[in-house]
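What follows is a set of notes on a single structure, which appears directly below.
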Amino acid sequence: METELPWGPIFARMLVQFLPVWIALIVTFTLSIVYRRRLGLYGKLFDSPVGMIGFGLVMFWVFTAIFADLIITHDPLAQLSGLKNAVPGSALKDTRGDTLYPYYLLGGDSLARDVFSRMVMGARRVLSIAPAATLFAFMVGITLGLPAGYLGGKLDTILSFIANLVLAFPVILLFYLLVTPEIRVTGIPIALAAVLFLFPIIFLTILWNSRYFTNPPQRNLYVGATLVIGLWAYSGLAFNADPSGEILSAISGRNVRDVFSMDPNLLNVFVSVVFVNAPTVFRIVRGIVMDLKARDYVAAGQTRGEGPWYIMLWEILPNARGPLIVDFCLRIGYTTILLGTLGFFGLGVSPESPDWGSTINSGRKLLTLFPHPAVVPALALMSLVLGLNLLADGLREESLKD
Amino acid sequence: MTDWDPSKPILEIDNLSISFFTRLREIPAVMDFSCKVMAGESMGLVGESGCGKSTVALAVMRDLGKNGRIVAGSIKFKGRDLTHMGDEELRHIRGSEIAMIYQEPMASLNPAMKIGAQLAEVPMIHRGMAKTEAWQLARQIVADVRLPDPDRILNAYPHQLSGGQQQRIVIAMALMSKPALLILDEPTTALDVTVEAGIVDLVKDLGEKYGTSMLFISHNLGLILDVCDRLCVMYSGEAVETGNVVEVFDKMRHPYTQALFRSIPLPGADKNARPLVSIPGNFPLPHERPPGCNFGPRCDYFQSGRCDAVEVPMYDVPDDDRHATRCLKWQEIDWDAPMKAKVTKPKTPIGRVVLKMDDLQKYYSISGGAFGGGTKKVVKANESLSFEAREGETLAIVGESGCGKSTFAKVLMGMETATSGSIMLFDENVQSTPIQKRNTDTVSSVQMVFQNPFDTLNPSMNVGRQIIRALEIFKQGASDQERSDRMLQLLDLVKLPRAFAERMPRQLSGGQKQRVGIARAFAGGAKVVVADEPVSALDVSVQAAVTDLLMDIQRENKTTLLFISHDLSIVRYLSDRVMVMYLGHVVEMGTTDQVFQPPYHPYTEALLSAVPVADTKVIRKRIVLEGDIPSAVNPPPGCPFQTRCRWKSQVLPAGLCDREMPPVRVLEGKHQIKCHLPDDVLAQMEPVIKIAAE
């Protein structure tokens, strides 16, 4: 078992490893294409080759993240002797009685860990942060952008000025500041998290209240549910003070993990990403609202005495969804790159984390001798972002067509 | 070019068929269309939206876009077939021999180039003219389109000109290369009526001066009568009738043309005694056209087994000037038979005063500088507005853009508060109560119907939900079930099928959307409804149906209707009283008869003469106003209308109009006029519209 596998068998074995992903992709595409005429904009995506390719790439990584445990060939943190900087296709010297997969498909890194498995697990890391962070940035941007565009005046001037301030600050420098231990001691990241994480709750509360205030029982149900779940998650995510773990532990007598909690490192990264993305979203939303508020259906809402928040959230926002969805896809791409950059600088995530940015960084030192530990995650990152951009292009193209 | 014989047609379209190809299917847009335009002739293409008239124009320009294709037939321009021409050859013809003028002037001009440069570009590209020479020509043409101060205009950018001036520049640009054929696609639809009248006159004169042939596309039959020699009526992708304008207007030989004329308010129509007849049913979708005659399902003379059996060819009408019709039964129908007498409807009794405005003023202050500094300017949007409206009455508010009619509506609705004066709404002063502070009853009793049907409904909410929302806000109904029932009743009220509750607005036609808008306005049992040009964006056949609907609801609910419009034909048809506004002032107010008969305010006179009337028996005096409406930021001193008034010289002492605002004078029968003209001059005014004796 000394020989290395040639590239052909390596790819064949990788194809086999990704089997759950292929199955999931085939099912998704078949169902979507069959029912595409009933699926609105999502269905139209399957009329555009560009959009389909983009969607395929994105879903490939999404399914990879979901089925990562089935796909990986080794523990992403396990170090096996003799495989330090091993070239792709290297065979294991000791398979521990055939319990281990016999090859490092894409070689080993400088700490003799399996590059393939780390890349697969990295997808899970990247895809669990980027969309969520983008979603939070959208919540903040929308909640502030709507009134700025709709009400205008002083509020608009102040909010736009703050947005410009944030945008004027160099992003990387801002990150360095936010994630350095000295700043963390001051509690600024926690305070930022406390402010930023409040927005989704505010957003949903206003959303339900403006629509259902005419029917108090229904309103109370929706707003109540939002507040209970929202504040529970809020306490856990922002302050790491989710009471559920302790309560459950006390009841069951065993040590139960909190439902909502976030690693402090991750929290920092998350907050920074939301913080730098929100102003851009704010400006997009504000611009669209200024355009849409001159429409007659907005005037119709005003003449029947609707409150400003109903008009903003239920009359204007749904009609701004086209450009916002496109921007959402693009922004996940930027955020992914941003997270990669952060990881590359070693910011925010733990050193052994398999996320693509840190992996590229650790592989960089021996790049001329052993390119594979850095190239593999770089290609992965590139294909995901490319997929997101193509998906956004496809969506934009199709949303313009009738 | 030299081998073309001027006695042959300039443009000859033969059995043209055009289709658009979409993902799902081929959509035939134009079928078997033929027409001939001779040199110096102007041909009108008339029809409702979606009938394919613009598609024909684009096909002549060979500009059908990616998915449009000419599937059959030929378009011969000066004997050369355009359908098989290469791109290079087409480029030589477009802009130099065939020029096109579009509806939106601002969209046709490059905002970053000076007018002069844009105009000079045309001969420089097509004829290789030198720059100085080209500018010389541009200057001459700008003078030809009757723009004042050509040198200043040539050095201006498009945004520095008004809409009417921009359209004149677009026409000038089209004329720069002395084209043999000019295509005008609704060239005046985006303009005010008095400006439109000027453009129409200009186009007619230029056609005569340059000998240009014209293809004039419009939905307005009156305009076609004014401009064209011949016309072609289109319906659902086909030409249904073609011929000399006067012959078609007086001796129409197609049921659609007849129905079209019966659905437009001509002088003499009356909402109670002689209501308009709308065309039943809806325009067929291009892929759902009926077999045989396309108009069959909506036709009064339909005979099943015959009209729906075979495709109908064009029949020549003998003894007429190239008059042809696409109707199988044209020889059998008695075309002179009077309209089937429709039930005459009782007049709505006019009740107590529900709305009283007294000396209402609305000023806006705008800051001059970019950073809020500079001198504050005041825009006087409404100046001393006083009137009352009674229960069951229709009060028309007439005026062109910028006259303050929308501001007035906003103040009434409570979206703005009045600067001074009072509004009494059912014994309650509301002039300084913004809508948030009004109680639900007040809000639901004053509602509005909006102008643009494509904008009036939220595109991402279904129809039923939008009406239910209005019911929720107006606290109608105790439960969701009750509100849902009430919503279905409202759909019945506006004569829409109940299944429409589930539809999204984009699945509805313009007229249907407008009906939903009306249903929504009446959700809380509105007592006063402000209708802001509710039918001006609709096709003529639909206009009649929507106006009728409004009248019916008014009769039933004794609603007070404030009908804002610039279309005097429809105002004469449906209103009881008329208020004419100009630059924030009420210049004339009285009953419909008083306003439409002399003595007029000079502005009303011009407005009346500017509205095209689609009746060959009506003789109109042409009064074309000079210049544009002054800006409300900087109104002229004295009388607001003095800059454009043709009677100004008759006011004594001279210069009074420049100095003093005229007082409101009450003539007999509470007819109010704001003018300095002496009584004897007013008494000598002649009617603008005369119906010639038959």
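Quick notes on this structure:
- Chain B, relative contact order [Cα under 8 Å, separation at least 6], %: 12
- Of the chymotrypsin sites (Phe, Trp or Tyr not before Pro) found in the range A:13-49, the ones in coil according to DSSP and having at most 12 other Cβ atoms within 10 Å of their Cβ are A:Tyr35.
- Residue by residue along B:467-478, Cβ atoms of other protein chains within 10 Å of the local Cβ number 3 on average.
- Segment B:Lys251-B:Phe302, length gained on full extension (0.36 nm per residue, minus Cα span): 16.4 nm
- What the Cβ-Cβ distance of A:Lys93 and A:Ala168 gives, at R0 = 56 Å and to the nearest 0.05, is a FRET efficiency of 0.50.
- Filter on B:Lys527/B:Lys674; B:Lys410/B:Lys690; B:Lys209/B:Lys674; B:Lys475/B:Lys670 - keep pairs with C-alpha separation over 32 Å: B:Lys410/B:Lys690; B:Lys209/B:Lys674; B:Lys475/B:Lys670
- Loop-located GluC sites (Glu not before Pro) in the range B:381-485 (DSSP state other than H, G, I, E, B) with a sparse environment of at most 16 neighbouring Cβ atoms within 10 Å: B:Glu428.
- The GluC sites (Glu not before Pro) of the range B:608-682 that meet both conditions, a loop assignment by DSSP and at most 13 other Cβ atoms within 10 Å of the site Cβ, are B:Glu626, B:Glu660.
- Rounded to the nearest 5, the antiparallel percentage of DSSP beta bridges internal to chain B is 65%.
- Other protein chain C-beta atoms within 10 Å of residue C-beta, averaged over B:443-453: 3.
- Over 29 Å (Cα to Cα) - which of B:Lys251/B:Lys495; B:Lys362/B:Lys495; B:Lys114/B:Lys621; B:Lys495/B:Lys617; A:Lys154/A:Lys293; B:Lys36/B:Lys617 fall in this group: B:Lys251/B:Lys495; B:Lys362/B:Lys495; B:Lys114/B:Lys621; B:Lys495/B:Lys617
- Taking amide H atoms as placed 1.01 Å from N in the peptide plane, the amide H of B:Ile101 lies under 5 Å from those of B:Ile183, B:Leu184, B:Asp185, each 5 or more residues away in sequence or on another chain.
- Counting Cβ atoms of other protein chains within 10 Å of each Cβ in B:43-52 and taking the mean gives 0.
- Its relative contact order, with pairs defined as Cα atoms under 8 Å and 6+ residues apart, puts chain A at 23 percent.
- ³J(HN,Hα), Karplus 6.51/-1.76/1.60, whole Hz, each residue of the range B:110-124, x for Gly, Pro: 7, x, 9, 10, 5, 3, x, 5, 5, 5, 5, 4, 4, x, 5
- Amide H partners (placed H, <5 Å) of B:Val530, local residues excluded: B:Gln447, B:Met448, B:Val449, B:Leu562
- For the range B:465-482, Karplus couplings with θ = phi - 60° (6.51, -1.76, 1.60), whole Hz, Gly/Pro x: 4, 5, 6, 4, 4, 4, 5, 4, 5, 7, 6, 9, x, 8, 9, 4, 4, 4
- With a Förster radius of 51 Å applied to the C-beta separation of A:Val34 and B:Ile125, the computed FRET efficiency comes to 0.45.
- Highest-first arrangement of B:572-584, B:627-639, where packing means the average Cβ count within 10 Å: B:572-584, B:627-639
- Gyration tensor (alpha-carbon) shape descriptor, chain B, a/c threshold 1.5: oblate
- The range A:164-170 - phi-based ³J(HN,Hα) in whole Hz, Karplus 6.51/-1.76/1.60, Gly and Pro as x: 5, 4, 4, 5, 6, 7, x
- Spatially proximal lysines relative to A:Lys44 (Cα-Cα < 25 Å; intrachain offsets below 8 disregarded): A:Lys401, B:Lys66
- Options A:Gly107, A:Trp22, A:Val50, ranked by Cα towards positive dipole end of the range A:2-114, top entry (Cβ charges): A:Val50
- At R0 = 22 Å, FRET efficiency that the Cβ-Cβ distance of B:Gln136 and B:Tyr157 yields, to 0.05: 0.60
- Mean separation of Cα pairs under 8 Å and 6 or more residues apart, divided by the residue count, gives the range A:230-325 a relative contact order of 19 percent.
- Total charge dipole magnitude, the range B:501-576, about the Cα centre, Cβ charges on Lys, Arg, Asp, Glu only, Debye to nearest 20: 240
- For the protein assembly as shown, DSSP calls about 65 percent of its internal beta bridges antiparallel.
- 18 Å Cα-Cα reach of B:Lys271 towards lysines, excluding residues that sit fewer than 8 places from it in its own chain: B:Lys340, B:Lys342, B:Lys345, B:Lys347, B:Lys558
- In the range B:536-668, taking the dipole from charged Cβ atoms about the Cα centre, the farthest positive-side position among B:Ser609, B:Ser536, B:Ile623 is held by B:Ile623.
- Long-range amide H partners of B:Thr419 with built H, under 5 Å: B:Gln361, B:Lys362, B:Tyr363
- Rg(Cα) / (2.2 N^0.38 Å) computed for the protein assembly as shown, rounded to two decimals: 1.13
- Simple spin-label estimate for B:Arg25 and B:Glu428 gives 5.2 nm between the two label positions (7 Å along the Cα-to-Cβ direction from each Cα).
- Per-q log10 I(q)/I(0), the range A:296-402, q = 0.18 Å⁻¹ (Debye; single scatterer per alpha-carbon; no solvent): -0.88
- For the range B:627-669, the Cβ-based charge dipole about the Cα centre amounts to some 80 debye (Lys, Arg positive; Asp, Glu negative; other atoms uncharged).
- Placing +1 on each Lys and Arg Cβ and -1 on each Asp and Glu Cβ, with no other charges, gives the range B:240-349 a dipole about its Cα centre of roughly 720 debye.
Only the coordinates and a few stated rules stand behind these numbers; no lab work does. Everything numeric here is computed off the predicted structure, so don't read it as measured data. Cβ atoms come from the backbone with ideal geometry, glycine included; neighbour counts cover every protein chain shown.
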